Amino acid sequence: MTLRLLLTMAFAMAAMAAKDTCVECHTALGGELQAPVTAFAGDVHKRAGFSCADCHGGDRNSDDYEVSMSKGRGYLGKISRTDVPKLCARCHSDAALIHKFKPQQRVDQLAQYVTSVHGKRLAAGDTAVANCVDCHSVHDIRDVKDPLAPVYPTRVVETCTRCHADAAHMAKYKLPTNQRDEYRASVHWEALSKRKDLSAPTCASCHGNHGAAPPQVASVAAVCGTCHALQQDLYNNSPHKPAFDAMGVAGCVACHSNHAVHAPSEALLAGDKALCSQCHDADSAGGKTAAEMHTQLQSLADSLTRSNDIVARARRAGMEVSEAAMRLADGQERLVKARVAVHNFRTAAVAAPVKEGLAIAAETHRAGQDALAERDFRRVGLGVSLAAIFLTMAGLWLAIRSVEAKPPGSQTAGSDQP
Ligand code: HEC
Ligand code: HEC
Ligand code: HEC
Ligand code: HEC
Ligand code: HEC
Ligand code: HEC
Ligand code: HEC
Ligand code: HEC
Ligand code: HEC
């Protein structure tokens with residue numbers, strides 16, 4: 001008897017706990033009032049056991065619309081744009097709660113957000129800036145590592161530029177709206193979208209997710225070095241570092257731009273696309289360094305191309321040149337090093353790897369030439385043997401002919417001899 005009573009009570013309690021009139025009634029309503037329920041199916045908060053009332057307040061046990069959505073039961077209604085960060089932070093700034101679900105999760109999103117341009121302007125009552133749901137969506141919030149999340153690296157551009165590429169939306173701020181077009185033409189977007197290289201930066205990698213700057217650096221302009229550390233170290237020891245600091249110019253950005261970072265080459269050093277000539281006359285120390293570095297890089301690139309061609313020709317002719325091909329890879333590596341070394345803006349830094357590279361180019365060129373000479377030698381050898389075979393065959397044929405040409409009688413007579 002007692003067992004039965006207990007079971008009945010347990011079932012009743014389970015039914016109470018599972019009751020969610022918000023979902024039931026909104027599912028029945030259809031249209032815009034149903035949309036949040038449909039979207040919620042894939043939401044992380046549903047997976048964590050939360051529902052409508054955990055954000056909107058109200059009483060999920062009452063079937064009565066007036067009770068369920070009453071102020072008396074804590075109903076908040078539609079959350080206003082200025083109230084969203086506070087609402088989300090009620091849980092996301094609560095380490096005790098969040099770490100029950102994810103022990104390593106950060107709980108500083110609101111603290112960071114209030115330091116950003118978005119957060120400061122929202123606090124001042126400007127609702128055109130991004131709040132939590134503009135970046136994470138409202139009822140379809142996903143794990144940030146979920147490829148369907150609007151903050152997933154390949155989707156961040158769309159998320160940010162829904163506002164930032166919309167001239168009408170941004171009109172009153174006097175900010176350019178070209179970030180999307182410039183970024184989509186950059187090496188970074190190419191690496192991310194075509195090669196699926198998730199280590200390439202998106203808007204949020206450089207600007208930070210929630211704060212005014214990404215966590216590792218004091219200003220956005222310093223972010224390049226967090227990924228391109230070699231170039232940063234060389235640059236820091238170059239004559240440009242103190243000069244650009246004094247002018248208030250951000251080093252990397254001054255030469256490569258921020259959003260439209262294109263694939264660089266030695267053409268940036270000299271010629272019509274040159275950067276250096278924008279600030280240095282040809283006969284100044286800077287101008288001369290630029291010209292020398294250009295000549296060096298160009299000569300190494302050209303030498304490696306020539307060696308590559310000759311080795312490839314030898315390989316196509318069936319010669320064994322795998323060792324030369326491997327050495328050529330070393331030569332390419334010296335070229336890569338030399339291009340990085342440009343960032344010291346001193347000729348000597350570039351000259352060292354170039355010298356090594358040129359030696360490799362010369363060595364592999366010789367190996368290619370030798371292989372082709374060997375092929376020619378073998379060809380001559382083959383020709384001589386073929387000629388010898390031909391001559392032998394011709395001799396045989398003549399011999400047979402001369403035997404056949406003899407009168408049949410003389411042979412018979414001969415064989416008849418005892
Ligand atoms: C019996 C039906 C019913 C129940 C139960 C119900 N709702 Fe609603 N809800 C509605 C209707 C109808 C509307 C649209 C009319 C209105 O805004 O009052 C609505 C509107 C809303 C809105 C939009 C308000 C706005 O200003 O745009 C929210 C948010 C909402 N409901 C949340 C909830 C939550 C949370 C619960 C559970 C605690 C809940 N509802 C329970 C019927 C219901
Ligand atoms: C994680 C918090 C959260 C949960 C859970 C949540 N909502 Fe919302 N909801 C919001 C926020 C924030 C807004 C305001 C969105 C905006 O500014 O566009 C909103 C807006 C709404 C609106 C108004 C939509 C409009 O465009 O006018 C309705 C209706 C609504 N929610 C219903 C629901 C229902 C039903 C559920 C349960 C299935 C639910 N919400 C669960 C946070 C939540
Ligand atoms: C300007 C867009 C933007 C805004 C506004 C924004 N977020 Fe984020 N959020 C992101 C991005 C981008 C990520 C990181 C995605 C990744 O790691 O790949 C992120 C990550 C998160 C994470 C995962 C943990 C972490 O910190 O990396 C949580 C939780 C989160 N945001 C909550 C919030 C809350 C709460 C707010 C409002 C106070 C908010 N976000 C405002 C873009 C935004
Ligand atoms: C009632 C508490 C609560 C509220 C309110 C809440 N969240 Fe959450 N949220 C959680 C918990 C708990 C998790 C962890 C669940 C998980 O990842 O398994 C989570 C997970 C997330 C994640 C995924 C984090 C990750 O690691 O990928 C994002 C993004 C997020 N919430 C954003 C928001 C936003 C935006 C709001 C406001 C509209 C909000 N949350 C409101 C409790 C809440
Ligand atoms: C809901 C629209 C909206 C979304 C989404 C949005 N922003 Fe903004 N953002 C704005 C507005 C409006 C401003 C305010 C401009 C101002 O005051 O200068 C702003 C300001 C900024 C600024 C400061 C510009 C400056 O120098 O003043 C940066 C940087 C920025 N946003 C980056 C981002 C990034 C990165 C994302 C995506 C992760 C993003 N925004 C998503 C609307 C948005
Ligand atoms: C490789 C790093 C990087 C990436 C990726 C990047 N930005 Fe920037 N962004 C910068 C730097 C550096 C500045 C200059 C900031 C400064 O001087 O403080 C800047 C400036 C801005 C500004 C201020 C106005 C302007 O154009 O100068 C906005 C708005 C902005 N970025 C938005 C975006 C958006 C949206 C995306 C994605 C489409 C994006 N950024 C991608 C580095 C980046
Ligand atoms: C989050 C890491 C990250 C940040 C931040 C970053 N980059 Fe990159 N960058 C990459 C990756 C990854 C590639 C692609 C490398 C490749 O193509 O092999 C790349 C490629 C490049 C290239 C082309 C290299 C080549 O050989 O063609 C240049 C130039 C460049 N970045 C400059 C910058 C500048 C300038 C900034 C700052 C405004 C910056 N990067 C910020 C990761 C980053
Ligand atoms: C004074 C102009 C200038 C500055 C400042 C500058 N670069 Fe460069 N960068 C160049 C030139 C020129 C090349 C092309 C070298 C080549 O390919 O022959 C280049 C090439 C590159 C490359 C591709 C080749 C390589 O090095 O692997 C990357 C990546 C790069 N720069 C990143 C950076 C970063 C990060 C910074 C800031 C720490 C920076 N650059 C500062 C002029 C500059
Ligand atoms: C935005 C302007 C600017 C650009 C672009 C620029 N420089 Fe400079 N450079 C300076 C300034 C300013 C100084 C320090 C004052 C001086 O010595 O002329 C300097 C100094 C130098 C020096 C040291 C000169 C000396 O007297 O010892 C060299 C070498 C140099 N730059 C090379 C280059 C090369 C190579 C490039 C192209 C990749 C380049 N610079 C691009 C502004 C620039």
Cα lying deepest toward the dipole's positive end in the chain, options Ala123, Leu386, His256, charges on Cβ: Ala123
Label point distance in nm, Ala373-Asp143, each placed 7 Å from Cα along Cα→Cβ: 6.3 nm
Most to least packed among 357-363, 144-150, 39-45 [average Cβ atoms within 10 Å]: 357-363, 39-45, 144-150
Dipole magnitude of the chain about its Cα centre (Cβ charges: Lys, Arg +1; Asp, Glu -1), debye to nearest 20: 320 debye
Estimated FRET transfer efficiency when R0 is 35 angstrom, pair Lys355-Thr154 (beta carbons, to 0.05): 0.25
Packing-based exposure ordering (other Cβ within 10 Å, fewest first) of Phe345, Phe244: Phe244, Phe345
Computed E for Leu382/Ala312 - FRET, C-beta separation, R0 25 angstrom, nearest 0.05: 0.65
Hits among lysines - C-alpha to C-alpha of Lys194 under 27 Å, sequence gap 8 or more where chains match: Lys145, Lys273, Lys337
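Apply 1/(1 + (r/R0)^6) to the Cβ-Cβ distance of Asp233 and Lys86, taking R0 = 60 Å, and write down the FRET efficiency to the nearest 0.05.
In this case the efficiency is close to 0.90.
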Global form of the chain, assessed from the alpha-carbon gyration tensor, a/c cut-off 1.5: oblate
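Restricting to DSSP H runs of at least four residues, report the calculated mean residue ellipticity at 222 nm for the chain, -39500 (n - 2.57) per run over all residues, nearest 500 deg cm²/dmol.
-19000 deg cm²/dmol
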Ala111-Phe50 pseudo-label distance in nm [points 7 Å out on the Cα-to-Cβ vector]: 1.9 nm
Segment Ala218-Asp94, length gained on full extension (0.36 nm per residue, minus Cα span): 42.0 nm
Projected label distance in nm at Ala124 and Lys19, using a 7 Å step from Cα toward the beta-carbon: 4.9 nm
Whole-angstrom gap from region 198-250 to region 56-94, using each part's C-alpha centre: 42 Å
Region 134-183 and region 293-355: distance between their alpha carbon centers, rounded to Å: 42 Å
Cross-link table Lys102/Lys196; Lys46/Lys102; Lys241/Lys355; Lys19/Lys78; Lys19/Lys46; Lys46/Lys78, entries beyond 25 Å C-alpha to C-alpha: Lys102/Lys196; Lys241/Lys355
Among Met326, Met393, Met293: highest mean-square fluctuation, GNM of the chain, C-alpha pairs under 10 Å: Met393
Mean Kyte hydropathy of 0.5 or more with a Cα span along the axis of at least 15 Å, helices from DSSP in the chain: 2-18, 347-405
Length gained when the stretch Ala191-Ser257 is fully extended (0.36 nm per residue, less Cα-Cα span): 22.1 nm
Computed lengthening from Leu29 to Asp181, 0.36 nm per intervening residue step minus Cα-Cα distance: 50.6 nm
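Where a number appears in this text, it was derived from the coordinates with a stated rule and is not lab data. Just so it is clear, the model here is predicted, and its values are computed rather than measured. Every residue, glycine as well, gets a Cβ built from its backbone with ideal geometry; the counts of neighbours run over all protein chains shown.
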